[in-house]
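Notes follow once the structure below has been shown.
The values are calculated or read from the model by the stated rules, or taken from the named source; none is laboratory data. As the structure is a prediction and not an experimental result, all values here were calculated from the model. We place every Cβ from the backbone using ideal geometry, glycine too, and count neighbours over all the protein chains shown.
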Amino acid sequence: MHATAQAQPNIALVKYWGKRNAALNLPAAGSLSITLDALHTRTRVRFDDALADDDITLNGERDEAQTRKIGVFLDLFRARAGVAVRAHVESGNDFPTGAGLASSASGFAALAIAVDRALELHLDARELSMLARRGSGSAARSIFGGFVEMAAGTRDDGEDAFAIPLLGAGAWPLKVVVAITTRKRKAISSSAGMDHTRDTSPFYRDWIAGVPGDLDAARSAVSTRDFEKLAQVGEASCLAMHAVMMSARPGLIYWNTATVACIQCIRSLQADGTGVFFTIDAGPQVKAVCLPDDAARVADALRTVIGVEDVLVSGLGEGARIVEDAHACA
Ligand code: PMV
């Protein structure tokens, strides 16, 4: 009745921003991502008959709102297993949580894998991806490694809204340089930001309508390893997402001064022929996706940008998986 899992965050190159059903966490459009290898979530789960309530610790702290959210997530698995037993969950990240580094993606992917093993459900990757989606839309993608596509699906029950692996991490070993511009938690969660954008932006429909074309371009760039094409669609999708966020009323601005300075730094690297493009999620951190030989130059350049607190360099990594208990929680 216990297991430990590890998962890594993923970074979307074609962005997800909008739900077609909030209760089932169904995306309004598909997305395409890369799973990282340098940032980790480790989650240990132990079901215990003696517990009256779930006991949940995230990065060494107990938080009522998170406990409630994770309890609801655990109920999905308990219902499948036909049990009511409560669980101890201990989860730790070796990177800033809730700051636009996709900690919810790795968190719910690791939890799904650990709970599946602890309850001996033996669900397949597709089912685990759908369950991870219920915790966080992007978590459905961190079940898999490398390049991953998430399908929006059309069914009301969400049984066709899951991620699939497109290309393994080793098949096109790009690097991602992450420029951390703050370690503070974001003020507005992705879910709240998505609802607000859908409800108030005059451009929301156009944003959603543009995603399938971006997905086609990105999928084809991945299959032909066309970095230039991936760079164009990746930056366009990122900027279109931030444009629709900013066009909400009141506008959502996740960037800070250093975010913009990093974009300008990457633009001048591109002008010098460096193989790099940027992407930014619901937070101020900048992720620079690069050709492997250019990663060191990009990291050096981003380190000199005023306001950049730290720079991490990551390769592409594997999907969520069970690890030995001895290695548990960071
Ligand atoms: O999975 P969520 O609900 O945290 O939303 C993720 C939203 C973005 O990170 C901004 C985009 C994406 O596709 O990951």
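Restricting the range 267-283 to residues that are within 16 Å of residue 13 (Cα to Cα) and not charged (D, E, K, R) leaves a set whose member that is farthest from the chain's Cα centre (by Cα) is 275.
Okay, residues lined up against (1) in a strand (DSSP E or B); (2) closer than 30 Å to residue 259 by Cβ:
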residue	(1), (2)
83	no, no
87	yes, no
105	no, yes
109	no, yes
112	no, no
116	no, no
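Sub-7 Å Cβ pairs linking a first residue in the range 273-297 that is free of Cβ contacts under 8 Å to residues at least 12 places away in the same chain to a second residue that is in a loop (DSSP other than H, G, I, E, B) and hydrophobic (A, V, I, L, M, F, W, C), at least 6 apart or interchain, number zero. Assess whether residue 113 counts as being away from the ligand (no atom under 16 Å from the Cβ), surrounded by 20 or more Cβ atoms within 10 Å (Cβ to Cβ) and among the β-branched types (Val, Ile, Thr). Yes: the conditions hold for residue 113. What number of residues within the range 177-202 are closer than 18 Å to residue 104 by Cβ, more than 13 Å from the ligand (Cβ to nearest atom) and in contact with a strand residue (DSSP E or B) (Cβ under 8 Å, 6 or more places away or on another chain)? Selection size over the range 177-202: 2. The strands (runs of 3 or more DSSP E) located wholly in the range 1-46 that include 2 or more residues which are touching a residue at least 24 places away in the same chain (Cβ under 8 Å) and surrounded by fewer than 24 Cβ atoms within 10 Å (Cβ to Cβ) occupy 2-7, 19-21. Note on the range 6-20: residues that are within 13 Å of the ligand (Cβ to nearest atom) and more than 14 Å from the chain's Cα centre (by Cα) amount to 2. Can residue 97 be described as within 28 Å of residue 152 (Cβ to Cβ), modelled with pLDDT under 95 and within 13 Å of the ligand (Cβ to nearest atom)? Yes, satisfied. One residue stands out among those in the range 73-104 that are of a type in the set (Lys, Arg) and over 16 Å from residue 57 (Cβ atoms): the one that is surrounded by the most Cβ atoms within 10 Å (Cβ to Cβ), which is 78. With respect to the conditions (1) modelled with pLDDT under 95; (2) surrounded by 17 or more Cβ atoms within 10 Å (Cβ to Cβ); (3) away from the ligand (no atom under 16 Å from the Cβ); (4) not acidic (Asp, Glu), residue 60 lacks only one, and its number is (2).
From the list 152, 140, the one residue that fits, being in contact with a Ser or Thr (Cβ under 8 Å, 6 or more places away or on another chain) and either buried (at least 22 other Cβ atoms within 10 Å of the Cβ) or not polar (S, T, N, Q) (or both), is 140.
Here are some residues: 76, 51. Which one is at pLDDT 95 or above, outside any strand (DSSP E or B), of a type in the set (A, V, I, L, M, F, W, C) and under 21 Å from residue 123 (Cβ atoms)? Of 76, 51, the one residue that is at pLDDT 95 or above, outside any strand (DSSP E or B), of a type in the set (A, V, I, L, M, F, W, C) and under 21 Å from residue 123 (Cβ atoms) is 76.
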